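Participant: Below: one structure in structure tokens.
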Amino acid sequence: MTLSFEEALVDSAGFARRHLLLGNGFSIACRGDVFHYGSLFNQADFSACPEVVEVFESLDTHDFEFAIRSLESAAKIAPIYAKHGAGAADVMLQHAAALKEVLLQTIAGQHPDLPNIIPDEKYHACRSFLTHFLGTGGQVFTLNYDLLLYWTLMHTDVPVGADPVQLENNDGFGNQEDDPGADYVVWQGETGAHSAKVHFLHGAMHLFDSGSELKKYTWVRTGIPLVEQAREALESGFFPLFVAEGTSTKKKAKIRHNAYLYQGLKQLNANATKQNACFFIFGHSLAANDDHILTRLARARFPKLYVGLFGDPGSATNREIKRRAESLPRLRARRYPLEIVYYDSASAKVWGE
């Protein structure tokens, strides 16, 4: 049986908190023509430097930052070993620079620069949807690295005739101590993470690692489009924080080696251990490459998981989602059983009618 979203809300009303896990379907539901994209690696155009594909293959990664840093490091030692002097090092540095441009163009080509591409009515509808979670003490965890959730949380303009929607939008970032008027804000560390309500589990396009701190770039503070900010950051040696690896195992390794990402995963774990809470999943296929997240939910203690299905519940895609969902309770300890409930994700009207 598949419930409507309203029926799922009624069914979950007895829980102290509802938490939400978002997949790419959240963005596709808004503008499928804009946000319907796969991994950065699969979308990237390497025609300007086709040899770098072999670099990714030899490193067994789809992580742009790892590939770029590997090329730059190799270029430093190549002259010691290369038979033809510094020629190899020069090519490596050229390819590292080209990869930065490929990364930039891939980001820019798949994502709008400014938030006004989305009308106020859509933002308001989405904020109304999010209030069922953020408005009741719950938290939102997203696997998307686009800016749509962030834009929605920041968009407080109200359509004519509508009422304002208040949301808890703390994401753990705040002013830089030494420069509170900076064009960016910085992650406040583990202490700030405990009060955060929104978590980008796989990073996001507006998060850049500067080495000493994790910066969040904001259009509001600069008025500078995403592409220009990204280019300036890359030229300064800062990389966008993405979990771009292809498999769950590699994603988990990336997460464990980054304090911000690992803290987000710990917050997911902490909330999933509460027996007076439930989780909703929206816009996610429960694919195996996100098992590092799904397994945490499966082995937790919260008693009820609401899984969104889009379209015909009997379609091949939804049958596979159900198969995956029904495998999760088998990972639970017997004293903490997990019930799976399906709801019609379209009925949530996340972006309005």
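Participant: Does segment 238-257 include one or more residues that are without any contact (Cβ under 8 Å) to a residue 24 or more places away in the chain and part of a helix (DSSP H, G or I)?
Facilitator: For segment 238-257, residues without any contact (Cβ under 8 Å) to a residue 24 or more places away in the chain and part of a helix (DSSP H, G or I): present.
Participant: Take residue 348 and decide whether it is crowded, with 20+ Cβ neighbours inside 10 Å and touching a strand residue (DSSP E or B) at 6+ places or on another chain (Cβ under 6 Å).
Facilitator: no
Participant: Condition first: among the hydrophobic types (A, V, I, L, M, F, W, C) and in contact with an Asp or Glu (Cβ under 9 Å, 6 or more places away or on another chain). Can you find one or more residues in segment 315-338 that meet it?
Facilitator: no
Participant: Still on this structure, I have one more. Show the residue pairs that are 6+ apart or on different chains and have beta-carbon atoms under 7 Å apart, the first residue being within segment 334-353 and closer than 13 Å to residue 6 by Cβ, the second being hydroxyl-bearing (Ser, Thr, Tyr).
Facilitator: So the pair list comes out as 343/2; 343/4; 343/306; 344/2; 344/4; 347/4.
Participant: For segment 264-286, check the following and say yes or no: at least one residue is open to solvent by 30 Å² or more (accessible area, probe 1.4 Å) and among the aliphatic types (A, V, I, L, M).
Facilitator: Yes, segment 264-286 contains at least one residue that is open to solvent by 30 Å² or more (accessible area, probe 1.4 Å) and among the aliphatic types (A, V, I, L, M).
Participant: For segment 171-202, name all the residues that are at pLDDT 90 or above and open to solvent by 20 Å² or more (accessible area, probe 1.4 Å).
Facilitator: Within segment 171-202, just 197 meets the criteria.
Participant: Are any residues in segment 207-227 modelled with pLDDT under 75 and loosely packed, with under 15 Cβ neighbours inside 10 Å, and if so, which ones?
Facilitator: 220, 221, 222, 223, 225
Participant: Can residue 166 be described as under 26 Å from the mean Cα position of the chain (by Cα), modelled with pLDDT of 85 or more and open to solvent by 70 Å² or more (accessible area, probe 1.4 Å)?
Facilitator: It is true that residue 166 is under 26 Å from the mean Cα position of the chain (by Cα), modelled with pLDDT of 85 or more and open to solvent by 70 Å² or more (accessible area, probe 1.4 Å).
Participant: Inspect segment 257-278 for any residue being basic (Lys, Arg), more than 29 Å from residue 332 (Cβ to Cβ) and in contact with a strand residue (DSSP E or B) (Cβ under 9 Å, 6 or more places away or on another chain) and give the result as yes or no.
Facilitator: No, segment 257-278 has no match at all.
Participant: Among the residues of segment 333-345, which ones are part of a strand (DSSP E or B) and either under 30 Å from residue 158 (Cα atoms) or open to solvent by less than 50 Å² (accessible area, probe 1.4 Å) (or both)?
Facilitator: The answer is 340, 341, 342, 343, 344.
Participant: Further question on the same structure: Tally time: how many residues in segment 244-255 are modelled with pLDDT under 80 and either in contact with a Ser or Thr (Cβ under 6 Å, 6 or more places away or on another chain) or open to solvent by less than 20 Å² (accessible area, probe 1.4 Å) (or both)?
Facilitator: Total meeting the criteria: 1.
Rundown of residues vs (1) in a loop (DSSP other than H, G, I, E, B); (2) modelled with pLDDT of 85 or more; (3) touching a Lys or Arg at 6+ places or on another chain (Cβ under 9 Å); (4) surrounded by 15 or more Cβ atoms within 10 Å (Cβ to Cβ), yes/no style:
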| site | (1), (2), (3), (4) |
| --- | --- |
| 131 | no, yes, no, yes |
| 146 | yes, no, no, yes |
| 152 | no, yes, yes, yes |
| 159 | yes, yes, no, no |
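Participant: Then there is this: So residue 313 passes all but one of these: (1) under 21 Å from residue 343 (Cβ atoms); (2) open to solvent by 10 Å² or more (accessible area, probe 1.4 Å); (3) out of contact with any helix residue (DSSP H, G or I) (no Cβ under 9 Å at 6 or more places or on another chain); (4) not aromatic (Phe, Trp, Tyr). Which condition number does it fail?
Facilitator: Checking residue 313 against (1) under 21 Å from residue 343 (Cβ atoms); (2) open to solvent by 10 Å² or more (accessible area, probe 1.4 Å); (3) out of contact with any helix residue (DSSP H, G or I) (no Cβ under 9 Å at 6 or more places or on another chain); (4) not aromatic (Phe, Trp, Tyr), the one that fails is (3).
Participant: Could you check, for segment 102-123, whether at least one of its residues is modelled with pLDDT of 85 or more, farther than 30 Å from residue 167 by Cα and either in a helix (DSSP H, G or I) or not hydrophobic (A, V, I, L, M, F, W, C) (or both)?
Facilitator: There is no residue in segment 102-123 that is modelled with pLDDT of 85 or more, farther than 30 Å from residue 167 by Cα and either in a helix (DSSP H, G or I) or not hydrophobic (A, V, I, L, M, F, W, C) (or both).
Participant: Return yes when residue 330 is modelled with pLDDT of 95 or more, assigned to a helix (DSSP H, G or I), closer than 30 Å to residue 213 by Cβ and open to solvent by 40 Å² or more (accessible area, probe 1.4 Å) and no when it is not.
Facilitator: In short, no.
The values are calculated or read from the model by the stated rules, or taken from the named source; none is laboratory data. Keep in mind that what you see is a predicted model, and the values were worked out from it rather than measured. A quick note on method: Cβ atoms are made from the backbone with ideal geometry, for glycine too, and the neighbour counts reach across all protein chains shown. Calculation scope for accessible area: heavy atoms of the full protein, side chains included, ligands and nucleic acids excluded. Shrake-Rupley method; radii C 1.70, N 1.55, O 1.52, S 1.80 Å.
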